[in-house]
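Accompanying notes for the structure given below.
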Amino acid sequence: MPPTILGLDIGGANLKAATVDKRAVSVPFALWKQPDRLPAALAEVLSQFPDTTELAVTMTGELCDCFETKRQGVHAILAAAQKASGDRPVKVWSSDGVFVTAEEARRDHLKVAAANWHALATFAGRYAYHHGGLLLDIGSTTSDIIPLDHGVPSTYGVTDPERLIFRELVYTGVRRTPLCAIISDRTMAELFATTQDVYVVLGLLPEAPDDCDTADNRPLTVEKSLARLARMLGGDVETIPEEQTIRFATAVHTQVIKTLVQAIRVAYYHSQNPPELRTVLVSGAGEFLARRVIEEFRGGAPVERVVSLNDELGPVVSSCAPAYSVAVLATEGA
């Protein structure tokens with residue numbers, strides 16, 4: 001019986017797991033609040049895949065401020081993964097484009113820190129083998145803008161600081177981004193609302209009445225989102241007309257698109273002679289936003305080919321795309 005490799009993407013807010021046969025789960029886990037619970041939380045995830053024989057790991061959780069340094073974060077995440085794995089082998093994706101052992105990852109921690117974008121781009125490049133491509137992955141917290149040259153990631157930045165400089169990493173997502181980080185003029189500089197409130201009010205994300213992981217710990221519904229947005233304007237639902245609140249939500253949405261379009265222009269056209277852009281890949285929880293951003297970026301001009309990872313993989317697997325990517329790459333022997 002062939003081995004079953006489980007891909008794990010260990011983030012600061014979610015734990016994601018997937019196999020090549022497209023079984024996938026995403027579990028909310030606030031790593032920065034409870035780092036000591038990570039081994040147990042990973043073990044719970046692994047229990048849902050009892051046929052697992054090997055782990056392929058990537059991560060972003062090392063950036064959490066519960067760790068004093070990224071080195072400490074990488075070491076803690078690797079220790080947790082190994083403890084949860086039992087005697088099953090653990091391999092870790094490196095931004096060199098290969099898997100390394102856990103010990104090698106500890107020795108060169110910056111090569112594996114926040115490398116999930118590289119794993120995703122390496123996998124997704126198979127959909128853009130010819131000419132130039134662009135992967136726009138918009139998640140709950142961040143957006144990754146990854147140029148592809150004949151299917152190979154062609155970036156100027158590798159580490160988070162470098163990727164921020166070259167606009168290949170933008171800290172804007174469709175759920176967790178505080179609105180005061182997007183529009184600061186005449187708004188409250190407080191964590192009163194996040195982007196998920198905007199997109200629920202605008203009908204681009206569904207309501208989730210059981211989800212209270214919001215700025216005020218009240219449900220993620222249109223009614224409560226309107227209240228959180230009104231607070232950003234210095235008022236509440238009794239003093240701010242609903243129409244004004246919706247205009248504010250629309251303004252945030254417009255600013256997010258503008259920010260990401262500008263970032264793409266910087267990221268893709270860094271080199272003097274970038275390959276002709278033929279294929280655009282969109283993915284992540286914010287794929288609906290990625291499509292709108294690409295339309296704005298192209299100025300109405302059609303792109304030759306748009307590939308949706310939601311369509312290719314299904315929405316559940318696509319939401320765990322980096323985990324699925326390392327599972328596939330490990331199975332293929334990368």
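Where a number appears in this text, it was derived from the coordinates with a stated rule and is not lab data. Keep in mind it's a predicted model, so treat the numbers as computed, not measured. Don't worry about glycine lacking a Cβ; one is built from the backbone with ideal geometry, like all the others, and counts go over all protein chains shown.
Seen from a random direction on average, the alpha-carbon convex hull of the range 72-122 projects onto 3.4 square nanometres. Take the Cβ atoms of Glu276 and Glu296, set R0 to 30 Å, and the FRET efficiency comes out at 0.95. The Rg/Rh ratio of the range 179-256, with Rg taken over Cα atoms and Rh as the Kirkwood radius over Cα pairs, comes to 0.92. A cut-off under 14 angstrom between Cβ atoms defines the neighbours of Pro219, and their net charge, with Lys, Arg +1 and Asp, Glu -1, is -4.
What is the sum of charges around Glu304, taking Lys and Arg as +1, Asp and Glu as -1, for the other residues whose C-beta is under 12 Å from the C-beta of Glu304?
Values: positive: Arg278, Arg298, Arg305; negative: Glu276.
Within the 12 Å Cβ shell, the charges total +2.
Only Cα sites of the chain enter the Debye sum here, all with the same form factor; the resulting log10 I(q)/I(0) across q = 0.14, 0.15 1/Å is -1.13, -1.26, listed in q order. Between helix 287-298 and the chain, what is the angle of the helix's C-alpha long axis to the longest principal axis, kept within 0 to 90° and rounded to the nearest 10? In the chain, helix 287-298 runs at an angle near 80 degrees to the longest axis. Taking the chain as a Gaussian network of alpha-carbon nodes connected by springs under 10 Å, the highest mean-square fluctuation of the residues Leu120, Leu55, Leu46 belongs to Leu46. Relative to the longest principal axis of the Cα atoms of the chain, helix 222-232 runs at roughly 80 degrees. Electrostatic bookkeeping for Val112 treats Lys and Arg as +1 and Asp and Glu as -1; over the other residues with beta carbon under 14 Å from its beta carbon, the sum is -1.
Using only the Cα atoms of the range 1-111, build the gyration tensor, take square roots of its eigenvalues as a ≥ b ≥ c, and label the shape rounded, prolate or oblate: rounded if a/c is under 1.5, else prolate if a/b is larger than b/c, else oblate. Here the range 1-111 falls in the oblate category.
Ordering Asp144, Asp51, Asp211 from the fewest to the most neighbouring beta carbons within 10 Å gives Asp51, Asp211, Asp144. To the nearest ten degrees, helix 242-268 and the longest principal axis of the Cα atoms of the chain are 40 degrees apart.
Fewest-first ordering of Thr69, Thr4, Thr245 by other beta carbons within 10 Å of each residue's beta carbon gives Thr69, Thr4, Thr245.
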